[in-house]
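Engineer: This is the structure, below, for whatever I ask next.
Only the coordinates and a few stated rules stand behind these numbers; no lab work does. Remember, predicted model here, so these are calculated numbers, not experimental data. Positions of Cβ are generated from backbone atoms using ideal geometry, with glycine treated the same way; all protein chains shown enter the neighbour counts.
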Amino acid sequence: MRLRIEGGQMIDPASGTSRAGDLLLDDGVIAWIGERLPEAEARGVDRVFDASGLVVAPGLMDMHVHLREPGHEYKETIETGGRAAAAGGFTAVVPMPNTLPATDNRATVEFVARRARETSPVRVYPAVAATRGNENTEMSEIADAKDAGAVAVTDDAFPLQSAEMTRRVMEYCRTFDLPLLTHCEDKALTKRGVMNEGITSTVMGLQGMPKAAEDLQVARNIELAEMTGCRLHIQHISSERAIELVRQAKARGVAVTCETCPQYFCLTDEDVRGYNTLAKCNPPLRTKADQDAVKAGLADGTIDAIATDHAPHAVNEKECEFQTAAFGMTGLETALGLVLTHLVDAGILSLGEAIGKMSTAPARILNLPGGRLEAGAPADITIFDPAAEWVVDPAKMRSRSRNTAFAGWELTGRAVATLVRGEIVYEDSARHSAQESAHGGKDRK
Amino acid sequence: MNLTRKDILGLQEMSSEEILLILNRAADMKEILSRDIKKVPTLRGKSVVTMFFENSTRTRMSFEMAAKILSADVSGFAASTSSVQKGESLKDTILTLDAMKPDVFVIRHSASGAAQFTASLTGAHVINAGDGAHEHPTQALLDMLTIIEHKGGIEGLTVAIVGDIAHSRVARSNIWGLMKLGATVRIVGPETLLPAEIRQLPVEVHTDLRSGIRGCDVVNVLRIQLERQEAGLFPSLREYAQRFGVNSNVLREAQPDVLVMHPGPMNRGVEIAPDVADGEFSVVTEQVTNGVAVRMALLYLLLGGSPDAASN
Ligand SMILES: [Zn+2]
């Protein structure tokens, strides 16, 4: 398959460039990139994709998703989650290991990788659980899991409570050159908590989760990363002080990175009012001051990456009492629109910076190919219309679950086509038919 | 003026006019309670379902008596002996009961927001009989009715709420109701029993009982649960009683005609000294009577009974 992407605005965050031009994809890699594809190169092209008015970016990578397979296929599968990712403009995802059984050894990592090969339109890079069964008592066979394809180690959903265990996991991660992705939460402080602790939880009569629960573990993990030399990545950072701790650590040269998610720069704990279970997530939605700190952290580079923490849940797990509702919201199909509308259009990030946090940065943190728009790079490409106006409609989502907190939101910017290994894995149907008729069947020769 | 809302979920969302309307109607209803034959036909043919997912015999009985005096049919749903034990969800339980077409649901549940959730699933009226640590509007209304009977009004009074504010729906409903009617509200207790950022509300916060009670017109004492000690929120019931138990000595700080209230059941010797619980300032039994009157008024106003019918 030789595919020519013509006349798009090509943004390469890795080199900090943005230029109009053509891209030739051949044999799964970017074969040519420049202003105008020479006639000689254009021969034998299977399809021309007219990208005029569109942005052509390196494939977006979501380094924090829950695909629920194996074990919770009623919520999501690697196939449905993969399709949701493609529709959201993502070419690669990193599923978390809180599956059933836990993705905590070679067999389970190989299972996820195999299911991905068989069913997912996008690349799937599994993360392995730091401890067996996510039980926080024994370390997983991390090296074996790495051989099987795990790209990172994580305690997501089951935060490591013992500092000793955290230290050993970090030392072991360093030994096998894997980053440790940590969900920072002191569980003793969040026991029975269901939302951020503050005036809103007080008025609603809900058990709070204080910010200190996140801050303490961020501080501890930074100290231990400094001590062990482990590459530490802090997941879904949400609190003002936690961001400041990362800022200070980076300033003194600690190998720490972090991500946030759209919900932490788009929503606050006030969105929980009315016992809105769709806004129940962990870490919980914080306050306006924290939201401002997240934006400032994104703007000054303290926050390296934007992930979604895509957490699909069945209807009955959200249509219930707030305290019994599941934590988490879907995110794959809304992230790009939320970033473009609430960070780029809002003037917090440039388009290049935003794309960088969703492609180049995750690739760098996880030491994966991709995140670059240059000859020889993988032909994982996201093409999006930064001006497309649309309304979030859960009924139209590809994910098996519909628990978005953004239903009805008016967003600007959405994926038009997603390409993985040079193949189109998602294309906006309206746009596709328009192009077919415009080209009058020429492509099909 | 009539009550136009479908549900009674809490006092936070109610206007002072609505609260006064309910309290005035409750005063009328109290007259019925003093009659020899305590039965009026006002709500004949209407059905009320009480759903108590948490045990509270006194609140359930109070609602049932209120409904029966107004001639409504009452059916009780007890979570402990029902399909809930078999793992049925709250949503399914409500939808099942709703299909039996009751006019009013009265719900008590340990989850904050459960009453609102119920209201979102049914076209019937919903009265919150206490949801988690959120609200207990009928308790606050009966407390206010009791205060008005003794003080002639609420405006300008200083009311101290003493004890476990953090876990108390009674405290929250009282705070909203009393504030709306113009009282000064004081919150008194150790920091461990105060909810986060309570100082952002327009209440006075006291962590010393003596200063918290000083000059008060009303002291509303909350029940303390032993499980709070087990959760490490105070060292012992003994120390709690010494520092935050309302006794006749500390009560001298209050106005000479202070009212002492308690939502019950009381732990005599813990949050309230026996001589105070049964003493001259205590109005706890009047609170119970007023509870029936307030619940009658709510059923009457929600189900649109005409004023004439009630006076029959
Ligand atoms: Zn997490």
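Engineer: Residue-wise, which Karplus ³J(HN,Hα) couplings in Hz belong to the range A:339-350, taking 6.51 cos²θ - 1.76 cosθ + 1.60, θ = phi - 60°, and x for glycine or proline?
Structural biologist: Here the 3J(HN,Hα) series is 5, 5, 6, 9, 10, 7, 4, 7, x, 8, 10, 6 Hz.
Engineer: For residue B:133, what residues show an amide H to amide H distance below 5 Å, using hydrogens built from the backbone and excluding near sequence neighbours?
Structural biologist: Under 5 Å from the amide H of residue B:133: B:112.
Engineer: Further question: Going by average Cβ density within 10 Å per residue, which order do the peptides B:38-51, A:280-293 take, highest to lowest? Please report the intermediate quantities before stating the final value.
Structural biologist: On the way: B:38-51: 19.1, A:280-293: 21.8.
Going by the mean number of other Cβ atoms within 10 Å, highest first, we get A:280-293, B:38-51.
Engineer: How large is the Kirkwood hydrodynamic radius of the protein assembly as shown, in angstrom, based on all distinct alpha carbon pairs? Present the calculation step by step, with values, prior to reporting the outcome.
Structural biologist: Numbers: mean 1/r = 0.0347 Å⁻¹.
For the protein assembly as shown, inverting the mean 1/r across all distinct Cα pairs yields 28.8 Å.
Engineer: Could you work out the relative contact order of chain A, using alpha carbon pairs under 8 angstrom and six or more residues apart, expressed as a whole percent? Could you put the intermediate results ahead of the total?
Structural biologist: Numbers: 1094 pairs, mean separation 89.9, N = 445.
Answer for chain A is 20 percent.
Engineer: Under 5 Å between amide H atoms, partner at least 5 residues away or on a different chain: which partners does residue B:8 have, H built in plane at 1.01 Å?
Structural biologist: B:126, B:127, B:128
Engineer: Using only atoms on other chains, find how many Cβ atoms lie within 10 Å of each Cβ of peptide A:196-209 and report the average. List each step's numbers first, then the result.
Structural biologist: Values: counts 1, 3, 4, 7, 3, 5, 11, 12, 8, 17, 7, 5, 4, 0.
Average neighbour count from other chains, rounded to a whole number: 6.
Engineer: Considering only C-alpha atoms, what is the centroid distance from the range A:43-78 to the range B:38-67, in Å?
Structural biologist: 57
Engineer: Moving on. Given charges of +1 on the Cβ of Lys and Arg and -1 on the Cβ of Asp and Glu, with all other atoms neutral, how large is the dipole of the range B:1-66 about its Cα centre, in debye to the nearest 20?
Structural biologist: Its charge dipole is roughly 340 debye.
Engineer: Right, something else. What is the helix-to-structure angle for A:78-87, meaning the angle in degrees between its Cα long axis and the longest Cα principal axis of chain A, kept from 0 to 90 and rounded to the nearest 10?
Structural biologist: Taking Cα atoms only, the helix is inclined about 60 degrees.
Engineer: Could you work out the equivalent-ellipsoid semi-axes for the range B:137-286, taking the square root of 5 times each eigenvalue of the Cα gyration tensor, largest first, in whole Å? Numbers along the way, then the final one.
Structural biologist: On the way: eigenvalues 92, 63, 38 Å².
With the √(5λ) rule applied to the range B:137-286, the semi-axes are 21, 18, 14 Å.
Engineer: Taking the Cα atoms of the range B:84-152 alone, what are Rg (to one decimal) and Dmax (as a whole number) in Å?
Structural biologist: 14.7, 50
Engineer: Find out how many positive minus negative residues lie around residue B:149, taking Lys and Arg as positive, Asp and Glu as negative, among other residues whose Cβ is under 14 Å from that of residue B:149.
Structural biologist: Values: positive: B:30, B:151; negative: B:28, B:31, B:143, B:217, B:257, B:286.
Summing Lys/Arg as +1 and Asp/Glu as -1 gives -4.
Engineer: Excluding residue B:137 itself, what net charge comes from residues whose Cβ is under 11 Å from its Cβ, given Lys and Arg +1 and Asp and Glu -1? Mind showing how you got there, number by number?
Structural biologist: Working: positive: B:169, B:172, B:295; negative: B:7, B:13, B:18, B:131, B:135, B:143.
Local net charge: -3.
Engineer: If one puts a single equal scatterer on every Cα of the range A:84-229 and applies the Debye formula without solvent, what log₁₀ I(q)/I(0) results at q = 0.10, 0.11, 0.13 Å⁻¹?
Structural biologist: -0.41, -0.49, -0.65
Engineer: How would you classify the range A:168-307 from its alpha-carbon gyration tensor, with a ≥ b ≥ c the square roots of the eigenvalues: rounded for a/c under 1.5, else prolate if a/b is greater than b/c, otherwise oblate?
Structural biologist: Details: a/c = 2.35, a/b = 1.73, b/c = 1.36.
Prolate is the answer for the range A:168-307, as a/c is 1.5 or above and a/b outweighs b/c.
Engineer: Ok, one more. In whole Hz, with x marking every Gly and Pro, tabulate ³J(HN,Hα) for the range A:93-101 from phi via Karplus 6.51 cos²θ - 1.76 cosθ + 1.60, θ = phi - 60°.
Structural biologist: Result, rounded to whole Hz: 9, 10, x, 7, x, 7, 9, 10, x.
Engineer: Gap in Å between the Cα centre of the range B:1-17 and the Cα centre of the range A:382-396?
Structural biologist: Here the answer is 41 Å between Cα centres.
Engineer: Angle check, please: helix B:57-69 long axis (alpha carbons) against the longest principal axis of chain B (alpha carbons), in degrees 0 to 90, nearest 10.
Structural biologist: Compared with the principal axis, the helix lies near 40 degrees.
Engineer: Looking at the square roots a ≥ b ≥ c of the eigenvalues of the Cα gyration tensor of the range A:59-365, which shape do they give, rounded for a/c under 1.5, prolate if a/b is larger than b/c, or oblate?
Structural biologist: On the way: a/c = 1.22, a/b = 1.13, b/c = 1.08.
Verdict is rounded for the range A:59-365.
Engineer: Using the Cα centre of the protein assembly as shown as origin and beta-carbon charges of +1 (Lys, Arg) and -1 (Asp, Glu), tell me which of A:219, B:196, A:343 is placed farthest towards the positive end of the dipole.
Structural biologist: Going by the Cα projections, it comes out as B:196.
Engineer: Quick one: putting +1 on the C-beta of Lys and Arg, -1 on the C-beta of Asp and Glu, what dipole do you get for the range B:65-204 around its Cα centre, in Debye to the nearest 20?
Structural biologist: Details: 11 positive and 14 negative charges, 13 e Å.
Computed charge dipole of the range B:65-204: roughly 60 debye.
Engineer: Along the charge dipole of chain B, which of B:291, B:33, B:85 sits closest to the positive end, that is, farthest toward it, with unit charges on the beta carbon of Lys, Arg, Asp and Glu (+1, +1, -1, -1)?
Structural biologist: B:85
Engineer: Where a Cα-Cα gap under 16 Å defines reach, which aspartates and glutamates qualify for residue A:396, not counting those fewer than 8 residues away within the same chain?
Structural biologist: Residue A:396 reaches A:76, A:333, A:410, A:427, A:428.
Engineer: Something else about it: Using the Cα centre of the range A:59-365 as the reference point, and only Cβ charges (+1 on K/R, -1 on D/E), how large is the resulting charge dipole? Debye, rounded to the nearest 20.
Structural biologist: Values: 31 positive and 42 negative charges, 53 e Å.
That gives a dipole near 260 debye.
Engineer: Something else: If you fit an axis through the alpha-carbon atoms of helix A:211-228 and take the longest principal axis of the Cα set of chain A, what angle between them do you get, 0 to 90°, nearest 10?
Structural biologist: Result, in degrees: 80.
Engineer: Which of the pairs A:187/B:180; B:39/B:86; B:6/B:68; A:295/B:91; B:38/B:91 have their Cα atoms more than 28 Å apart in this structure? Let's see the in-between values first.
Structural biologist: Details: A:187/B:180 38 Å; B:39/B:86 38 Å; B:6/B:68 21 Å; A:295/B:91 38 Å; B:38/B:91 36 Å.
Flagged as over cut-off: A:187/B:180; B:39/B:86; A:295/B:91; B:38/B:91.
Engineer: A further question follows. Long-range amide H contacts for residue B:51: which residues qualify at under 5 Å (H placed 1.01 Å from N, peptide plane, sequence gap of 5 or more or a different chain)?
Structural biologist: Under 5 Å from the amide H of residue B:51 lie the amide H atoms of B:77, B:106, B:107, B:108, each far enough along the sequence or on another chain.
Engineer: Another question, if that's okay. Per-residue mean of other chain beta-carbon atoms within 10 angstrom of the beta-carbon, peptide A:311-320? If you can, show how the numbers build up before the last one.
Structural biologist: Values: counts 0, 0, 0, 0, 1, 3, 0, 0, 6, 7.
Other-chain Cβ atoms within 10 Å of each residue's Cβ, averaged: 2.
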